[in-house]
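The values are calculated or read from the model by the stated rules, or taken from the named source; none is laboratory data. The structure displayed is predicted, hence computed values, not measured ones. With ideal geometry, Cβ positions are generated from the backbone for all residues, glycine too; neighbour counts draw on all protein chains shown.
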């Protein structure tokens, strides 16, 4: 499988390159980075793995469509308009987009769906996430995906029930809301904890990443899934057979 990697000079890009080079069934077909020609980087690639920024990913995506290259997207922070554009491109090429490629995180999402349905009454839900000091978006894409899973399980719209910050005299907590708290510091790879806070008990479901290697391996698993798909927009549930 001929794989190209975007953001080759970044922390995640270097980890992806190492994973591709270590995989017996993969060949590093090219790299993309700031100042490099996109077409040249994709000239021999079957699939591009991209964990960069929304603007860069959208530029890479347009070239992938032109060249018929499949794409694994781990970038977060897309606007609604960019998400709609991704869906349009997926009519022509195969795409797998997920804010977190970790197998463990995606299993956690299924657990959250089950927990939310069972704890729908009498439990307040709070999501706490922590990442390294260099992360530019907040809350994390993974935290937002967790919120979307929880809201859907409860029959709510996350845009209407999310609370992203508290300060001053906020009044009593609205039981229909889902709270988010963000921590940024040091070299934290990624921690996510969802708390279901009831009367007399608290249930916590958590995932902690100690290495970006788990994201790289998940991305390669996604690339293998896409390789025989002509087009379509997929996520990690499809890759892991969790539908």
task: For region 10-21, state whether one or more residues are out of contact with any strand residue (DSSP E or B) (no Cβ under 8 Å at 6 or more places or on another chain) and not in a helix (DSSP H, G or I).
output: yes
task: Looking at (1) over 14 Å from the mean Cα position of the chain (by Cα); (2) surrounded by 12 or more Cβ atoms within 10 Å (Cβ to Cβ); (3) touching a residue at least 40 places away in the same chain (Cβ under 8 Å), find the lone condition where residue 208 falls short.
output: (3)
message: Of everything in region 52-87, what is more than 21 Å from residue 145 (Cα to Cα) and either outside the structural domain of residue 30 (by TED's automatic domain parsing) or assigned to a helix (DSSP H, G or I) (or both)? Give them in sequence order.
response: 56, 59, 60, 61, 62, 63, 64, 65, 66, 67
field: Near pairs, Cβ below 7 angstrom, 6+ apart or cross-chain, from region 219-230 (over 12 Å from residue 103 (Cα atoms)) to any residue that is assigned to a loop (DSSP other than H, G, I, E, B) and at pLDDT 95 or above
entry: 223/1; 224/1; 227/1; 227/46
Region 161-205: number of residues that are in contact with a helix residue (DSSP H, G or I) (Cβ under 7 Å, 6 or more places away or on another chain), over 19 Å from residue 139 (Cα atoms) and either outside the structural domain of residue 142 (by TED's automatic domain parsing) or surrounded by 13 or more Cβ atoms within 10 Å (Cβ to Cβ) (or both): 1
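Matching residues to (1) in contact with a strand residue (DSSP E or B) (Cβ under 7 Å, 6 or more places away or on another chain); (2) surrounded by 17 or more Cβ atoms within 10 Å (Cβ to Cβ); (3) closer than 17 Å to residue 196 by Cα:
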position	(1), (2), (3)
96	yes, yes, no
99	no, yes, no
114	no, no, yes
120	no, no, yes
127	yes, yes, yes
133	yes, no, no
136	no, no, no
145	no, yes, yes
159	no, no, no
- prompt: Can we say residue 10 is modelled with pLDDT under 95, at positive phi and surrounded by fewer than 19 Cβ atoms within 10 Å (Cβ to Cβ)?
  reply: no
